[in-house]
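The next block holds one structure in the form of structure tokens; read it before the comments.
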Amino acid sequence: MPTKSVISGVLLASVLFLAATAGFAANYNIVDVTNPFARKIPIAIPHFKPMEGGQAESIASRKSSEMLESALMFTGYFKMLDRGAYLADPETMPIDSPGINFRNWTGIGAELLITGGLREQSGQLEMELRLFDTFKEQVIIGKRYSGSVEDQRRMVHKFCAEILFWLTGSRGFFDSRITYISTEESGNKEVYVCDFDGENTRKITSLRSICLSPAWSPDGGSIAFTSYKSGKPDLYIYSLSDNHSTVVAEKGLNISPAWFPTGNQLAATLSFSGDPEIYLLTGSGKIIKQLTKDPGIDVSPTFSPDGRKMAFVSKRQGSPQVYIKNLDSGSVDRLTFNGKNNTQPEWSPKGDKILYTAIEDNQINIFVIGADGQGLAQLTSGSGDNEGGSWSPDGSMIVFSSSRDGNEKIYVMTAFGTDQRRLFSKPGKQSEPAWSGNRE
Amino acid sequence: MRRKIWVLLAMLLVLPAFMMTTACSKKAAVKKEAAGMSDEERARLEAERQKELERQRLLEEERLRKEAAAAAQTKFEAEHIYYAFDSSTLDATAQDTLRLKAQYLRSAADVAVTIEGHCDERGTVEYNLALGDRRAEAAKKFLADMGIDASRMTTVSYGEERPLDMGHTEDAWEKNRRAQFVVK
């Protein structure tokens with residue numbers, strides 16, 4: 001159980017946010033400041049201790065502590081206290097509580113402390129990590145991990161998942177990946193994948209064509225996307241393990257894939273009937289049923305995490321807006337009433353909110369709204385075009401594309417619009433990111 | 001005395017004439033003997049010359065027809081249909097242009113076309129793919145209603161992926177919101 005000081009901070013902020021948004025039915029505000037990310041928990045992460053000595057151990061110790069710092073800072077919940085201010089020497093300080101002088105840490109304002117000790121032998125690594133409440137002078141989480149030196153990133157991320165679970169009740173996103181489209185110099189657009197923090201980029205397609213709108217299957221084993229390889233927009237369902245695609249190439253559009261939260265099914269917009277409609281398909285591309293029946297554009301499906309509802313974009317009332325279809329009853333209700341052009345909805349994995357892209361006066365920005373239509377908030381503003389948002393698997397963060405630095409690049413922010421920053425640097429343009437589930 | 005003068009005059013006129021005709025026929029006879037050609041051969045040569053002239057004439061006609069067809073195709077492919085923002089409605093200008101296209105398609109009866117639908121860069125990727133599809137389908141339907149066989153026309157949407165003008169101005173956007181015809 002999180003300690004009072006920490007949990008009360010998080011709970012209070014959540015309650016305040018809910019209270020604040022209750023009254024915002026008709027208008028919206030930019031970046032709600034009453035949110036769990038506004039007050040960051042001060043944490044100290046001294047460099048880990050090499051337990052036996054030896055160069056490999058020292059290098060691994062420093063690297064792991066930096067990986068841990070990086071991963072925790074990524075979440076937006078914490079504020080890292082500068083190592084230059086630490087009063088204890090990480091090389092000599094004990095890593096377990098009987099020996100730790102907690103006043104060294106509360107004295108510099110740390111509410112949380114993480115210590116680590118590493119043992120390395122012939123490429124094999126053993127890592128002991130502990131999270132302490134400095135005021136209660138108690139260990140909160142203690143774990144030991146072993147594996148090869150190459151596994152140190154995974155070990156560190158496992159520990160981060162434990163910390164997030166303690167703090168938020170969810171294991172976070174440290175074992176998730178992001179897929180996106182990168183435009184190359186040739187003008188070709190290919191599908192790429194990277195880890196949640198932008199590391200370990202891999203090129204998925206070499207179709208020498210235009211690829212668009214990639215979408216992860218719930219188990220992270222497949223990516224569906226549209227490609228013009230054959231000269232028209234066809235839907236590819238690509239299996240990462242087989243390196244093989246099933247192609248849906250009906251007449252007209254085969255676009256806008258979005259996976260159903262369970263099983264092996266996905267929705268897509270097909271226009272073979274002469275009109276773009278949303279259909280449910282099996283994971284191997286066979287049509288199961290038609291989900292929309294309305295003349296005009298119906299595109300960009302996204303399912304609620306319980307699979308009972310589907311949000312999508314329709315122009316049925318004259319302008320592109322987000323609608324929600326109740327898949328049990330079949331009824332369709334309009335969700336967005338603010339603005340004349342609302343597209344690209346994505347349902348939060350927590351089920352409570354839907355993000356979307358709004359175009360108003362040539363400004364393109366990401367908004368979020370409650371699934372019940374309440375609590376409209378604008379998350380980006382005044383920084384180029386911001387679109388194509390996708391939720392982290394725990395619903396705490398959003399990845400999106402932004403042209404604020406000139407070319408389109410991939411950015412991340414918290415679910416409340418704070419801590420907006422670029423995810424990685426890569427030449428060219430990157431767009432249409434999609435965040436996978438968490439394998440942990 | 002007067003009768004004698006008349007006879008003399010007559011003889012003066014007739015004699016040279018007589019001499020000339022005999023000389024002419026002698027000439028012709030000489031010519032004929034030199035060329036060795038009969039009437040039939042001359043006729044054959046003349047027929048061949050006429051055939052060659054006709055062949056040249058037909059080639060020239062064909063060349064002119066091809067030139068005209070190429071020019072018509074170029075014009076057909078160069079004139080685009082334009083749309084208002086977020087719309088697939090055909091305005092009066094668009095309809096006029098489509099009527100010209102129908103004319104071409106009637107005259108070039110064996111031609112099949114691809115109708116491409118395009119959008120400007122505003123709007124989001126998937127929505128624009130669908131909008132481009134609607135634009136191409138709208139043009140196709142108009143032509144089908146004018147009697148052009150639907151099986152001759154294929155539509156494809158490129159969304160915002162193939163702009164003609166890379167600019168970020170109203171002007172550029174206007175040029176990109178189009179349906180474009182390509183002869184297959």
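The values are calculated or read from the model by the stated rules, or taken from the named source; none is laboratory data. The structure presented is a predicted model; accordingly, all values stated were derived computationally and were not measured. Reconstructed Cβ throughout: ideal geometry from the backbone, glycine too, with neighbour counts over all protein chains shown. Heavy atoms of the whole protein, side chains included, go into the accessibility calculation; ligands, DNA and RNA do not. Shrake-Rupley method; radii C 1.70, N 1.55, O 1.52, S 1.80 Å.
Do you know which residues of region B:145-162 lose at least 30 square angstrom of accessible area in the protein assembly compared with their chain on its own, with a 1.4 angstrom probe?
B:156, B:158, B:161
Roughly speaking, to the nearest percent, how much of chain A's 1.4 Å accessible area is carbon and sulfur?
48 percent
Quick check: with the 1.4 Å probe, what order do A:139, B:156 take by accessible area, largest first?
Per-residue accessible area, sorted high to low, gives A:139, B:156.
Please tell me which of these pairs span more than 19 angstrom C-alpha to C-alpha: A:309/A:353; A:340/B:140; A:340/A:429; A:353/A:409; A:251/A:429?
In this structure, A:340/B:140; A:340/A:429; A:353/A:409; A:251/A:429 lie more than 19 Å apart at Cα.
To one decimal place, what Kirkwood hydrodynamic radius in Å is obtained for region A:247-317 from all pairs of distinct Cα atoms?
12.1 Å
Which order do you get for B:99, B:42 if you rank them by accessible area with a 1.4 Å probe, largest at the top?
Final ranking, largest accessible area leading: B:42, B:99.
Once you have all Cα-Cα distances for chain A, histogram them in 20 Å bins from zero and send the whole-percent values.
For chain A, the pair-distance distribution reads 24, 52, 22, 2.
Checking buried surface per residue: for region A:189-237, which residues lose a minimum of 30 Å² accessible area in the protein assembly relative to the chain alone (1.4 Å probe)?
A:210, A:212, A:228
What GluC sites (Glu not before Pro) does region A:178-224 have in DSSP loop regions with at most 14 other beta carbons within 10 Å?
Listed in order of number, the matching sites are A:184, A:185, A:199.
Could you name the aspartates and glutamates whose alpha carbon sits less than 14 Å from that of residue A:143, not counting residues in the same chain fewer than 8 places away?
Counting by Cα, and skipping residues close in sequence, residue A:143 has these aspartates and glutamates nearby: A:96, A:126, A:128, A:162.
Rounded to the nearest 100 Å², what's the accessible area chains B and A bury against each other, both chains counted, probe 1.4 Å?
Result for this pair: about 2200 Å² buried.
Tell me the net charge near residue B:149. Cut-off is 15 Å between Cβ atoms, residue B:149 excluded, with +1 for each Lys or Arg and -1 for each Asp or Glu.
In short, +4.
Debye calculation, C-alpha points only, no solvent: report log10 I(q)/I(0) for chain B at q = 0.09, 0.11, 0.14, 0.18 Å⁻¹, in the same order as the q values.
At q = 0.09, 0.11, 0.14, 0.18 Å⁻¹ the computed log10 ratios are -0.53, -0.65, -0.84, -1.11.
Note the angle between two axes, namely the Cα long axis of helix A:4-22 and the longest principal axis of the Cα atoms of chain A, as a number of degrees from 0 to 90, rounded to the nearest 10.
Computed tilt is about 20 degrees.
Roll a 1.4 Å probe over the protein chains and send me the accessible area per residue for region A:81-124 in Å².
Accessible surface, normalised per residue, equals 50 Å².
Per residue of region A:133-143, what does 6.51 cos²θ - 1.76 cosθ + 1.60 with θ = phi - 60° give for ³J(HN,Hα)? Whole Hz please, x for Gly and Pro, Karplus curve as stated.
Values, residue by residue: 8, 6, 6, 7, 6, 10, 7, 9, 9, x, 9 Hz.
With no solvent and one equal point scatterer per Cα, compute the Debye intensity ratio I(q)/I(0) for region B:112-157 at 0.30, 0.32 Å⁻¹ and report its log10, rounded to two decimals.
So the normalised log intensities work out to -0.99, -1.08.
Check each residue of region B:114-132 and keep those whose accessible area, probe 1.4 Å, is at least 50 Å² smaller with all protein chains in place than in the chain alone; give them in order of residue number.
Residues passing the criterion (a loss of at least 50 Å², heavy atoms only) are B:124, B:125, B:126, B:127, B:129, B:130.
Starting from the amide H of residue A:260, placed 1.01 Å from N in the peptide plane, find each other amide H under 5 Å away whose residue is 5 or more places distant or on another chain.
Result for residue A:260 returns A:265, A:266, A:267.
Among the trypsin sites (Lys or Arg not before Pro) in region A:80-180, which ones are in a DSSP loop with at most 12 other Cβ atoms within 10 Å of the Cβ? Mind listing them?
When the trypsin sites (Lys or Arg not before Pro) of region A:80-180 are filtered for loop state and at most 12 Cβ neighbours within 10 Å, nothing remains.
Pop a pseudo-label 7 angstrom from the Cα along the beta-carbon direction at both residue A:108 and residue B:89 and give the gap in nm to one decimal.
Label at residue A:108, label at residue B:89, 6.7 nm between them.
Give me log10 I(q)/I(0) at q = 0.16 Å⁻¹ for region A:95-236, Debye formula, one equal scatterer per alpha-carbon, no solvent.
The calculated log intensity ratios at q = 0.16 Å⁻¹ are -0.91.
Per residue of region B:46-54, what does 6.51 cos²θ - 1.76 cosθ + 1.60 with θ = phi - 60° give for ³J(HN,Hα)? Whole Hz please, x for Gly and Pro, Karplus curve as stated.
Going residue by residue, I get 5, 4, 5, 4, 5, 4, 4, 4, 5 Hz, with x marking Gly and Pro.
Keeping every protein chain present and rolling a 1.4 Å probe, give me the accessible area per residue for region B:103-170 in Å².
40 Å²
Over region A:372-432, give the accessible area per residue in Å² for a 1.4 Å probe, as an integer.
I get 30 Å² per residue for region A:372-432.
List every residue whose amide H lies under 5 Å from the amide H of residue A:173, counting only residues 5 or more places away in sequence or on a different chain, with H placed 1.01 Å from N in the peptide plane.
none
With the cut-off at 1.5 for a/c, could you classify region A:208-302 from its C-alpha gyration tensor as rounded, prolate or oblate?
Verdict is oblate for region A:208-302.
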